[in-house]
Amino acid sequence: MLAKIIGLAYAGIDGYPVQIEVDLGGGVPSFDIVGLPDLAVREARDRVRAAIKNSGLEFHFHRITVNLAPANIKKEGSGFDLPIAVGILAAKNEINLEKIQETVFVGELALDGSVRPVNGMLVMALAAREAGWKQMVLPAANLREVMIVDGIRPIPVENLNQVCGFLNGTWEPDLSVLQRLPEEAAAVGIDEDLADVKGQEQAKRALEVAAAGGHNLLMIGPPGSGKTMLARRLPGILPSLCTEEAVEITKIYSVAGMLPPGVSLIRRRPFRSPHHTTSPAGLIGGGRIPRPGEVTLAHNGVLFLDELPEFSREVLEVLRQPLEDGRVSIARAATTLTYPARFMLTAAMNPCPCGFYGDPYKACSCSPVQIHRYQSRISGPLLDRFDLQIEVPRLQEFEYDGLQTGESSEAIRKRVEQARRIQQQRFQGKEYFCNAQMSSRDIKEYCPVDAESRSLLRQAVQRYSLSARAYYRILKLSRTIADLAGEELIRIGHVAEAIQYRSLDRKGNGE
């Protein structure tokens, strides 16, 4: 007999339905899976056979052929175990075929028949809803992920016997747990507050400007100056996530298998801080089965690179494409996957190998050659992509006592959100929503400057040998500073402040 079951799979962060055809024929007993299965899918033969037998169900030896359609797309993962088992039981008329026609199935089977969770459940649930399915049988451990998907009824199961009982009408799941999260759970939680940072007012101002426009930020300073402390507080002043952004982040973490237990929707902006020994594949994504890298895990959030020159040149250079495009493509022989990667790049570095070049309290032990070689590890094109380059001086212990606690993250975030609302109105109908993402054509439209400001820009370009990219980024930064001030026109004071944030450009030209 022939049975047809609908399963689900995903590629990148997009799901798609897979039709699973199970044929039981005569002849020499065998169990074949076709349709470009990977090793995990082929191993389903042994898991399904043991799960059916250990669940107290009969597994008759037949010539079993399972086809996964469309057959030209490679199938990966263990989520096909459950629909294959249901297909075998349906082909033997052991379950009700009527309910199968209106249900999709996803889940991994253990040898004892229990149903284990799989990655990417949110992505697949969204795909099932878009395809018009109303009901989805899934592992009970994945239930929280699909709670945010309206329009599809989840059927959480813990073992194969419950699946058979549901399809035969002898068992119904307890759906009382399908209560939506309360509205107050959607608020942004801020664990680390900028009020904890004493002093460093210029750095705090730079963080506010960066957050308001979505700009990349580089902090240069000696050890102990508070660069990492400042960076970790940047997500707390970013605007609250909208529902679309939260769903997109949750999809990424669901596919990566990194969704925290019991969480149905991530409501905080990601903060990723990979170690400097990370590989290009770890940063961008990849592997035999391509997985999201750190740039994708930081989507809609912050990617922080501490000790920037310690990262290998190869790792740093692969950042250039996602910084420009907001996405990363991973090509393999069978397919090409595209992951979103629109993040704020924040980095910190010492001014020299020992860390004390230019420090007024401790002498530097590095030679000029060592300092030049250290700073040259960051290429000019990558350096240009940092809109703000600021120096963070080290404070002495006696200075802390006289410093007052600064503004809280909540107060700064309110100003940032007001500036972002101005930008959202400005870019209504476009694909982007903040100043840092403007194209050169949009800069001409939205960043006009008067003759006095243009003269100052021209002087800065000539004096500091700024590139065209740096010139346009100063204009974007000026637009953000004006938005924070609530002014429609970019004035010379806004341009002057933006130029001051090109610290390395000025240092490199003798200032």
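The values are calculated or read from the model by the stated rules, or taken from the named source; none is laboratory data. It should be emphasised that the depicted structure is a prediction, and the values quoted were computed from it without experimental measurement. As a convention, Cβ positions derive from the backbone with ideal geometry for all residues, glycine included, and neighbour counts pool all protein chains shown. Just the protein is used for accessible areas: all its heavy atoms, side chains included, with ligands, DNA and RNA removed. Shrake-Rupley method; radii C 1.70, N 1.55, O 1.52, S 1.80 Å.
If the requirement is being over 20 Å from LEU207 (Cα atoms), small (Gly, Ala, Ser) and either in a helix (DSSP H, G or I) or at pLDDT 90 or above (or both), which of these qualifies: ALA460, ALA498?
ALA460
Against the conditions (1) in contact with an Asp or Glu (Cβ under 8 Å, 6 or more places away or on another chain); (2) open to solvent by 20 Å² or more (accessible area, probe 1.4 Å); (3) modelled with pLDDT under 90, where does ALA69 fall short? Just the number, please.
It fails just one condition, (3).
Here is a check on your reading of the model: is ILE422 more than 30 Å from GLY355 (Cβ to Cβ) and open to solvent by less than 20 Å² (accessible area, probe 1.4 Å)?
no
Checking the conditions here, which among GLY402, GLY406 is over 30 Å from PRO309 (Cα atoms), modelled with pLDDT under 90 and buried (at least 17 other Cβ atoms within 10 Å of the Cβ)?
Matching residue, one of GLY402, GLY406: GLY406.
Can you report the number of residues in the range 163-174 which are in contact (Cβ under 8 Å) with a residue 12 or more places away in the chain and either assigned to a loop (DSSP other than H, G, I, E, B) or open to solvent by 20 Å² or more (accessible area, probe 1.4 Å) (or both)?
3
Out of the residues in the range 96-113 meeting the condition of being of a type outside the set (S, T, N, Q), closer than 17 Å to ASN168 by Cβ and open to solvent by less than 10 Å² (accessible area, probe 1.4 Å), tell me which one is modelled with the lowest pLDDT.
ILE100
Give the residues of the range 269-313 that are among the charged types (D, E, K, R), at pLDDT below 90 and either in contact with a helix residue (DSSP H, G or I) (Cβ under 9 Å, 6 or more places away or on another chain) or open to solvent by less than 20 Å² (accessible area, probe 1.4 Å) (or both), sorted by residue number.
Answer for the range 269-313, where residues must be among the charged types (D, E, K, R), at pLDDT below 90 and either in contact with a helix residue (DSSP H, G or I) (Cβ under 9 Å, 6 or more places away or on another chain) or open to solvent by less than 20 Å² (accessible area, probe 1.4 Å) (or both): just ARG291.
Would you please list the contacts, defined by Cβ atoms under 9 Å and residues six or more apart or on different chains, that run from a residue in the range 379-398 that is farther than 22 Å from SER478 by Cβ to a residue that is in a strand (DSSP E or B) and at pLDDT 90 or above?
Here the result reads VAL392/MET219; VAL392/ILE220; VAL392/ALA348, each pair linking the range 379-398 to a residue that is in a strand (DSSP E or B) and at pLDDT 90 or above.
Yes or no: VAL157 touching a His at 6+ places or on another chain (Cβ under 9 Å) and at pLDDT 85 or above?
no
Being in a strand (DSSP E or B) and touching a Pro at 6+ places or on another chain (Cβ under 7 Å) narrows it down to one residue among TYR357, TYR339, TYR374; which is it?
TYR339
For residues that are part of a helix (DSSP H, G or I), within 25 Å of GLN418 (Cβ to Cβ) and touching a helix residue (DSSP H, G or I) at 6+ places or on another chain (Cβ under 7 Å), tally how many sit in the range 233-268.
Residues meeting the conditions: 2.
Give all pairs with beta carbons closer than 9 Å in which a residue from the range 4-20 that is of a type in the set (Lys, Arg) and modelled with pLDDT under 95 meets a residue that is part of a strand (DSSP E or B) and surrounded by fewer than 22 Cβ atoms within 10 Å (Cβ to Cβ); count only pairs at least 6 apart in sequence or on separate chains.
These pairs meet every condition: LYS4/GLN19; LYS4/GLU21.
Mind checking whether some residue in the range 317-325 is out of contact with any Leu (no Cβ under 8 Å at 6 or more places or on another chain) and crowded, with 19+ Cβ neighbours inside 10 Å?
yes
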